[in-house]
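Quick one: the structure is below, and I'll ask about it shortly.
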Amino acid sequence: MRTRAIVVGTDGTEPSTVAVDWAAHEAARRRRPLRIVYAFDWDWQEARYSAGNEYVDVARKLAEAVVAAAWDRAREIAPDVTIETSTLIGQATPRLLEAAREAELLVLGSRGRGGFAGLLLGSVSQRVATHAACPVVVVRGHAATAGGPIAVGMDDSPSADLVMDTAFTAATEQNCPLTIVRSYLPVIPLWLSDVAPPTVDTPEQDAAERERLEEQLAPWTAKYPDVPITTVVTHESAGFALERASRHARLVIVGHRGHGLLAGAFLGSTTLQLLHHAACPVHVVRPRPA
């Protein structure tokens, strides 16, 4: 059975170059092969009638130059990793989604070509992170490969166990601590209904919520006794709390969806907020289809 590779999308932009660097480090850490993918398209209005004309040839040569440069960077970072490159004709989103079907992990930059400079997350990265069949890391902010804890959001959603398994495994492999964030809204008296919940002091409810969190964590701390953990119980939104934690973290790990999700949606609001605003790479955990 073929070993699943870590797949990274590139297009030669600075965000995608940072993603290649991160993916190379991760492939070396996991001892997995690395596949560098560039999906390129050309002016269909000019080239639709001839798949072998000069427009396609020029686009292909440019694509090959991009992946060759990415291969050189990855090889310098991870000399012992098996690295392959692919130039795929077509739009980036569907071709990256195809590559994700057999991937261990798909790594993307926060923005690519053709987007507006002010956008915090490119449309390709968001669509791929939403629909990919494997876990996705969007590399953004300070993409440091060492230093700082891994931050993770813990709730009662069906994906919580998978998120915890991913977080504790990563913390063990990277020999780093975990910061576990639990967000909840306290029940406040009616006479305080005009006061924002995050500002309300509810020590008894906080203590009960922290105890519930510790009970939920007990199987994981027993399984991974050497992983130092810090728990944060907050009345702020999970997205806001995790965004703040990301400023000092090496990675934020979240599920692809949480509470209150409409059946037709694929990413929860917390995950979307982090993909747009986190100060470090964001790992979106999702179960692989059977």
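The values are calculated or read from the model by the stated rules, or taken from the named source; none is laboratory data. Remember, predicted model here, so these are calculated numbers, not experimental data. Reconstructed Cβ throughout: ideal geometry from the backbone, glycine too, with neighbour counts over all protein chains shown.
What about Thr93, is it in a strand (DSSP E or B) and either surrounded by fewer than 20 Cβ atoms within 10 Å (Cβ to Cβ) or modelled with pLDDT under 95 (or both)?
So Thr93 does not fit the description; no.
Can you spot a residue in the range 135-153 that is under 29 Å from Gln91 (Cβ atoms), part of a helix (DSSP H, G or I) and at pLDDT below 90?
Checked the range 135-153: no residue is under 29 Å from Gln91 (Cβ atoms), part of a helix (DSSP H, G or I) and at pLDDT below 90.
Could you grab the pairs with beta carbons closer than 9 Å, sequence gap of 6+ or different chains, first residue in the range 18-29 and closer than 12 Å to Leu105 by Cβ, second one of a type in the set (S, T, N, Q) and in a helix (DSSP H, G or I)?
So the pair list comes out as Arg29/Gln174.
Turning to a different aspect of this structure: Trp44 is checked against (1) touching a Lys or Arg at 6+ places or on another chain (Cβ under 7 Å); (2) at pLDDT below 90; (3) not β-branched (Val, Ile, Thr) and fails just one. What number does that condition carry?
Failed condition: (1).
Also: Do we find that Val254 is modelled with pLDDT of 90 or more, within 15 Å of Pro158 (Cβ to Cβ) and not basic (Lys, Arg) in this structure? Give the derivation first.
On the way: modelled with pLDDT of 90 or more: yes; within 15 Å of Pro158 (Cβ to Cβ): yes; not basic (Lys, Arg): yes.
Spelling it out, Val254 is indeed modelled with pLDDT of 90 or more, within 15 Å of Pro158 (Cβ to Cβ) and not basic (Lys, Arg).
Within the range 215-239, can you find the residues that are small (Gly, Ala, Ser) and over 18 Å from Gly255 (Cα atoms)?
Answer for the range 215-239, where residues must be small (Gly, Ala, Ser) and over 18 Å from Gly255 (Cα atoms): Ala218, Ala222.
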